[in-house]
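First comes the structure, then the notes that go with it.
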Amino acid sequence: MIKLTDKTLAVLNTTRCTTSKLKEFYELLLQIGADYIEMDWDTAQRLDSVLVAERAVVHLDDPIQSTPGVFRRVCHITDLPVIPPVIHEIQVNDVREISLLGRYQSYGKIRITGLSDLMLHDFPSVFRQIRKRLPITLELCPSNDYGCAGAILTEWLMDGGNGVGTFLGVGGFAPLEEVVMALRIAKRHRPRLDLSMLPRLCQLFTEISGIEVPSHKPVVGHAVFEVESGIHVDGILKNAVNYEPFSPDVVGAQRRFVIGKHSGLVSLQYYLSNLGYELPAQAFPLLLDEVRRESARLSRALTEEEVRAFAEKVRVDL
């Protein structure tokens, strides 16, 4: 069974955010598909009454530190004796180091971090090597040095492993929202999971971290469902699944058609129709030439007001 840990709160500095925002952020993280939420001990104490102990993981510097009420603990491998209830974290820089993993067979639970170069190798073969040397409870937390951690973690989870990531990939790890959506599409994992709260989660993330969510960030970017290409608009209007692996409402987003240099007649007609603006059929080729030329000059899509202005100009010129 797939088990996924979100370690966003172990990576972010939340000391300056209010406790109410921290609690709301935590409660939304619980909803995005992770089985466990990892954090430092100070954050766990701040969450207090809203902390769900059986889904909590506390990241410790000292593996013997007491954490009353917390279900799981994780700590980097140290020279101290093995502490069975603790998840021991090992840094593996590249695939060549897998041959050295056998030394950790006496540890009860292991988390492997790193392995960003795994994309250059055969996934199933490397996974078999890892499991051969560590036939124990095992988690993978790939680093995102080459922008492929999400793909690596998804493959590992689909191969039956447990994994770790962060929201938006913060801290240089696998972007959890992308992994959750990939599993939903490819494996039908938790297909009824409600992700409509993601826009609010993004907003809180920015308020807490100061990091803006890129507009075209897969799954959560506000422009992900913004479509300009004429052939794409035509295909979406006929059957949206031709171009969308999931519906925008699944992630609390809305589809938006924009007019620019790649627009076509169908998209222009549909756009003006939605504005309640009518033009004779012979006006549309002229209008399309105008808006394409202006969009190319401005190097951006046109605003609604600009499209209306060009439409009125063409109407007058006819």
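Numbers below:
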item: Crossing angle, helix 304-317 versus the chain [Cα axis fit, 0-90 degrees, rounded to tens]; result: 20
item: Beta bridges by DSSP in the chain, antiparallel share as percent, to the nearest 5; result: 5
item: Nonlocal amide H pairs with ARG256, under 5 Å, H built at 1.01 Å; result: GLU226, VAL227
item: For the range 226-317: rounded, prolate or oblate by the Cα gyration tensor [a/c cutoff 1.5]; result: prolate
item: Whole-angstrom gap from the range 228-276 to the range 145-180, using each part's C-alpha centre; result: 30
item: Signed unit charges on C-beta, dipole axis of the chain, positive-most listed residue PRO285, GLY260, ALA240; result: ALA240
item: R0 of 41 Å, Cβ-Cβ distance ALA296-ALA186: FRET efficiency to nearest 0.05; result: 0.60
item: Gained length - ASP289 relative to ASP42, 0.36 nm times residue gap less alpha-carbon distance; result: 82.9 nm
item: Antiparallel %, DSSP beta bridges [both residues in the range 100-232], to 5; result: 10
item: Order of TRP41, TRP156 under a 10 Å beta carbon neighbour criterion, fewest first; result: TRP41, TRP156
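Values in this text are rule-based calculations from the coordinates and carry no lab data. Nothing here was measured: the structure is a model prediction, and the numbers come from that model. Quick reminder, even Gly has a Cβ in these numbers, built from the backbone with ideal geometry, and neighbours come from all protein chains shown.
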